[in-house]
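Undergrad: Please find one structure pasted underneath; my questions will follow.
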Amino acid sequence: MEQLLLRNFRNYKEQSILWHPQINLITGLNGQGKSNLIEACCYFSLASSYRDSSDGDLIRWQEPYFFLAAKVQGRDPFSCEETPLEMSVGYTREKRKLWKINGKALKKTSQVLGYFQTVIFSPEDLSLVKAGPAIRRKFLNRELLQLDGAFYPAYSAYRQSVEQRNKYLKQSYGQVDEAMLTVWDEEIARYGSVILLKRQQLIEEMLPYARKIHQMLSGGKEQLTVRYEAALYHQKELNDAVWQQIGTMRQEQKPEEAQLAFLQEQLKLALEKNRREDLYKGTTGIGPHRDDVSIAINGISARQFGSQGQQRTAALALKLAEIDLFHAKSGQYPVLLLDDVASELDEKRCKELLELVGEKTQTLITDTKINSFSRYGKTIVIERGTVTA
Ligand SMILES: Nc1ncnc2c1ncn2[C@@H]1O[C@H](COP(=O)(O)OP(=O)(O)OP(=O)(O)O)[C@@H](O)[C@H]1O
Ligand SMILES: [Mg+2]
C-alpha cells in the first residue's frame, strides 16, 4: 500500500498516510488509533473489519459516514496481473455502501475481494494453536476469501442456510416437517461441500511452506503436521474414511465436481444421521461451521501437549506460510499487518520474523514502544487519531 486516506473512520477525522514500501512502525499510547489504522488497511482486503465489528461501528461517532481510499499495488483477480489500483469505499449510517476501483463503482461488495491481499497477525492469531476451533476456521476463511473467488458465495449461502435451519429447529418444539428439514439439509450440503473441499485443499497447499518455515524456526528438530478435521461424524474413523476416499479420487484424477458431489452426499447423510440430536439441541451440530484444524508437532497434538513456545512457533509458521502461499498462487506478496504482536513475541522471534519476511513484504506493525523495527523503515506516531510524526 502506498497511500491511505481515512475520513470519519473510527477516531480519525481526516488523515492521509504515505507508507514506506517495507517496514512501517505505528506507535503511540494505548487507545490512540494504532489498531484502527490496521483495521482500515485490512478493510480493503476482507471488505469487513478484522475485529468482527459491524460497518456501522467503523463510522466516527456523530458523523454520518466513513470514507477510505488507498493506492495499492494490487492484482487483477481475473488476469492475475499486478497492477496499481486506486480503491475506495464509503459507507453511510443509512447502510449505503459504495466500493470503487480505479473510479469504477462495483455492483457488489464481494467483487472487491482478491484485488488486494493482507495477512493479519494479531494476539488472537498467536493463540491459533492454543485457542478454540473458531479461530482456526477464521484463519482458513480469511485466506480463502482473498484467494478464491468461488469461496465467498458458497460461504455466505452456507451461513444463511445454517442460520435458517437453526431458526427452524428452535421454533419447531419437536413438531417438525421433515421435508422442510431435508430442504435445508440439501442447501447446507451443497454449499458446505464447497467449503469443505476448499479448506482441505488450502491446508494441503499450505503445509509444505509451513513445514519449511517451522523447521527453520525450530532449528530443524521438529516436524509440523496440519490436518483438516471435518466434523461430519462423531467417530473419527468415519471422518478419516471420507478424506481417504477424496485422496483416492484425486489419485485417480477424478474431476473436482466428482469430489464435491461425494462430499455433498456425505454431508447430507451426516446431517440426516444427526437430525435427532439437532432437534433435541435446537441447533445444527455438524458441518463446516463446526470443523477444526489439528496441528501436531512430531505427531503429538500441539494444542494439548505443546509448550507455549512450541504453540507460538507453530502459529507463526502457519501465518508466515500464508504469505508464501499468497505469493505462489497470485504472484504477489500480501501486506503483512502485525497488530500488537511485537510485545508478545520475544526479541528472538521478532528478529526471526523480520529475517523471514525480509524485503519481500510490506509490513505494518503496531507497538506502544519504539521497538527494533523502527531501525528499518518509517515510524509513524499516532495521537488521538492524528499522525503527529
Ligand atoms: N466509531 C468510533 N468513533 C470514534 N472513536 C472510536 C470509534 N471506534 C473506536 N474509537 C476509539 O478508538 C480508540 C481505539 O483505537 P485503537 O484500537 O486503534 O487503539 P490502539 O492505539 O490500537 O490502542 P492499544 O495500544 O490499546 O491497542 C478508542 O479510544 C475508541 O474510543
Ligand atoms: Mg491496538
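Here, each number is a calculation from the coordinates, and none is a lab measurement. All figures in this text were calculated on a predicted structure; none of them were measured in a lab. Glycine also receives a Cβ, built like all others from the backbone with ideal geometry; neighbour counts cover every protein chain displayed.
Undergrad: Can you give the Kirkwood hydrodynamic radius of the range 146-225 from its Cα pairs, in Å with one decimal?
TA: Details: mean 1/r = 0.0650 Å⁻¹.
Hydrodynamic radius (Kirkwood, Cα pairs) of the range 146-225 is 15.4 Å.
Undergrad: A further question follows. So for the range 126-305, averaging the separation of alpha carbon pairs under 8 Å that are six or more residues apart and normalising by length, what relative contact order in percent results?
TA: This gives 34 percent for the range 126-305.
Undergrad: GNM on the chain, C-alpha springs below 10 Å: top fluctuator among G299, G282, G219?
TA: Looking only at G299, G282, G219, the largest GNM fluctuation is found for G219.
Undergrad: Follow-up. Compute log10 of I(q)/I(0) for the range 262-345 with the Debye formula, placing one identical point scatterer on every Cα and leaving out solvent, at q = 0.10, 0.23 Å⁻¹, to two decimals.
TA: -0.49, -1.04
Undergrad: Largest first, please: the extent of the C-alpha atoms of the range 126-305 along each principal axis, to the nearest Å.
TA: Principal axes ranked by extent give 59, 36, 32 Å for the Cα atoms.
Undergrad: On to the next question. In Å, the Kirkwood hydrodynamic radius of the range 28-119 over pairs of distinct alpha carbons?
TA: Computed over Cα pairs of the range 28-119, the Kirkwood hydrodynamic radius comes out at 13.9 Å.
Undergrad: To continue, here is another question. What's the magnitude of the charge dipole for the range 126-305 around its Cα centre, counting Lys and Arg as +1 and Asp and Glu as -1 at the beta-carbon? Answer in Debye, nearest 20.
TA: 720 debye
Undergrad: Further, regarding this structure: Can you list the aspartates and glutamates whose alpha carbon is less than 17 Å from that of K13, not counting same-chain residues fewer than 8 positions off?
TA: E39, D55, D57, E63, E383
Undergrad: Please report the base-10 log of the normalised intensity I(q)/I(0) for the range 1-68, using a Debye sum with one equal scatterer per alpha carbon and no solvent, at each q in 0.16, 0.21 (1/Å).
TA: -0.53, -0.92
Undergrad: May I ask you to work out the translational diffusion coefficient for the chain at 25 °C, viscosity 0.890 mPa s, via Stokes-Einstein with Rh from the Kirkwood sum over Cα pairs, reported in whole µm²/s? Write down the numbers at each step before the final one.
TA: On the way: Rh = 22.4 Å.
Estimated via Stokes-Einstein, D reaches 110 µm²/s.
Undergrad: Here's a follow-up. Hydropathy at least -1.0 by Kyte-Doolittle, axial extent at least 24 angstrom from the Cα trace: which helices of the chain, defined as entire DSSP H runs, fit?
TA: Membrane-span-like by this criterion, though nothing is claimed about a membrane: 178-217, 256-273, 308-330.
Undergrad: List, largest first, the extents of the alpha carbons of the range 236-389 along their principal axes, each in whole Å.
TA: Principal extents (largest minus smallest coordinate, Cα): 60, 41, 35 Å.
Undergrad: Additional query: Within the chain, what's the longest run with no chymotrypsin sites (Phe, Trp or Tyr not before Pro) in a DSSP loop and at most 13 other beta-carbon atoms within 10 Å? Give the range, please.
TA: Answer from the scan: 174-389.
Undergrad: GluC sites (Glu not before Pro), restricted to the range 245-327: which are DSSP loop and have at most 11 other Cβ atoms within 10 Å?
TA: Qualifying residues, ordered by number: E252.
Undergrad: Using alpha carbons only, how many angstrom separate the centre of the range 282-338 from the centre of the range 254-278?
TA: 25 Å
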